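See below for the structure under consideration.
The values are calculated or read from the model by the stated rules, or taken from the named source; none is laboratory data. Worth saying up front: this structure is predicted, and the values here are computed from it rather than measured. Cβ placement follows ideal geometry from the backbone for every residue including glycine, while neighbour counts extend to all protein chains displayed. SASA here: full protein model, heavy atoms, side chains in, ligands and nucleic acids out. Shrake-Rupley method; radii C 1.70, N 1.55, O 1.52, S 1.80 Å.
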Amino acid sequence: MIAYFDYRPEYRKYRDEIDEAIRRVIESGRLILGPEVEAFERECAASVGVEHGVGVNSGTDALALALRALGVGPEDEVLTVANAGVPTISAIRTIGAIPRFVEIDANTLLMDPAGLERARSPRTRAVIPIHLYGQPAPLDPILAFAVAHGLHVIEDCAQAQGAHYRDRPVGSFGEVGCFSFYPTKTLGAFGDGGLCVTRDAGVAERLRLLRMYGFDERRHARIEGVNSRLDEMQAAILRVKLRHHGEMIEERRTIAARYRAGLAGSSLGQVGLVPDGTHVYHLFVIRSAERGELTRHLGEAGIGFGTHYPEPVHTMEAYRFLGHRDGDLPITERACAEVVSLPMWIGLPDAEIDRVIGALAHQR
Ligand SMILES: *Cc1c(COP(=O)(O)O)cnc(C)c1O
């Protein structure tokens, strides 16, 4: 059986440093919002080339708090895509705002800027481009559209930490960049975690208040906040992994290159590469019009796989109130019906990659 995802080989590779970080935190007598979180916030923001970092409990919280920090609220509309799973939509709904979906590009499966105007209304306040699978969304035209219509831009970098757009790290383009340290992400914690980065000192200050009950230093609630903190243990582990993040991304690229070369002659679809960006391969995704048959075959061959994501958000039961019907976003719907994610993790042996390629040889 080839695992679809396994964090343990990565852990074993860096075990000495990680174990030492865990021990250091437990011995320190400080478990919440201490020096490890502060250092990680600084180091992570610096890796993006931005001044401020604010650690929170998850990537979903990072998005919700970013929206609140920018003043987006109930009944405001937020533009994003429907093929990137529920978390981003859940964050928008948490603050009572309304998601409006932009159609995607059929080749890259990223937000298509040509669809922005159709999704916009007088109530639109923000746009959240999602850097899906590890590639940057087309930020130049999205930012230009946002400037033209006075919209806030929050980047959803949950899948693309370490990726670049026109030689600059993702997360440095929008007013806030949001990251997730969910274990499968390219920088994964041993639990939940998230972070907002921003150049704006005022936004950073509001994020710090929001993540802990709106408290100032005297535990006086200045604004209404929540509890969404990154803990010292996860921060200390993430500091270790951030030091090795570059080499981990290189390994993901090597795995992806082997898949791409091995599948080049097959009739399976691949996700198009973005000319202006670099790819960090959070996921390696292929496409098949016969997905049911393909995944059955992978299962029989003992190969783990994922589908990201099997259903677009706009047709899910919970979001019926948005008033969508099948066929509203045909490119999004087709992509969700075709995508399959192949095993992709640090330590995945070449022989296993080749076995996956071999199993796909005669699939369509
Ligand atoms: C993982 C993910 C999130 C949310 O991150 P969590 O830490 O799991 O809350 C948001 N957006 C996208 C695109 C993601 O992949």
Along the charge dipole of the chain, which of 303, 279, 44 sits closest to the positive end, that is, farthest toward it, with unit charges on the beta carbon of Lys, Arg, Asp and Glu (+1, +1, -1, -1)? 44
Most to least packed among 163-172, 270-279 [average Cβ atoms within 10 Å]: 163-172, 270-279
Under the 0.36 nm per residue contour assumption, what length would be gained going from the current alpha-carbon distance of residue 190 and residue 362 to full extension? 58.1 nm
Residues with amide H under 5 Å from that of residue 2, placed H, sequence gap 5 or more: 303, 304
Could you tell me which of 323, 346, 356 has its Cα farthest along the dipole of the stretch 316-364 towards the positive end, charges placed at Cβ (Lys, Arg +1; Asp, Glu -1), taken about the Cα centre? 323
Let me know the charge dipole size of the chain about its Cα centre in debye, to the nearest 20, where only the beta-carbon of Lys, Arg (+1) and Asp, Glu (-1) is charged. 200
Counting Lys and Arg as +1 and Asp and Glu as -1, each charge on the Cβ, what is the dipole of the stretch 19-158 about the Cα centre in debye, to the nearest 20? 440
Net charge around residue 130, counting only other residues with Cβ within less than 11 Å of its Cβ (Lys, Arg = +1; Asp, Glu = -1)? -2
Where the convex hull is taken over the Cα atoms of the stretch 90-152, what is its projected area averaged over directions, in nm²? 4.5
Can you list residues whose amide H is under 5 Å from residue 152's amide H, if they're 5+ apart or on another chain and H is modeled 1.01 Å from N? 126, 127
Would you pull out the residues with amide H under 5 Å of residue 102's amide H, same chain only if 5 or more places away, H placed 1.01 Å from N? 80, 81, 82
What nm value, rounded to one decimal, do you get for the distance between residue 261 and residue 351 when each label is placed 7 Å out toward the C-beta? 1.9
Could you work out the local net charge near residue 288, counting Lys and Arg as +1, Asp and Glu as -1, over the other residues with Cβ closer than 11 Å to its Cβ? 0
What list of ³J(HN,Hα) couplings, whole Hz, do you get for the stretch 277-282 from phi and the Karplus terms 6.51, -1.76, 1.60, once you set θ to phi - 60° and write x for glycine and proline? x, 10, 10, 9, 6, 3
Expressed as a whole percentage, what fraction of the accessible surface of the stretch 298-364 belongs to carbon and sulfur atoms when a 1.4 Å probe is rolled over the protein heavy atoms? 50
Per residue, what volume in Å³ does the Cα convex hull of the chain take up? 131
Share antiparallel - DSSP beta bridges, the chain, percent rounded to 5: 60
Everything considered on the Cα gyration tensor (a ≥ b ≥ c; rounded for a/c under 1.5, else prolate if a/b is larger than b/c, else oblate), the stretch 181-264 must be described as prolate
I'd like the distance between the alpha-carbon centres of the stretch 115-184 and the stretch 240-304, rounded to an integer number of Å. 23
Which whole-number value in Å² is the accessible area per residue of the stretch 1-126, probe 1.4 Å? 44
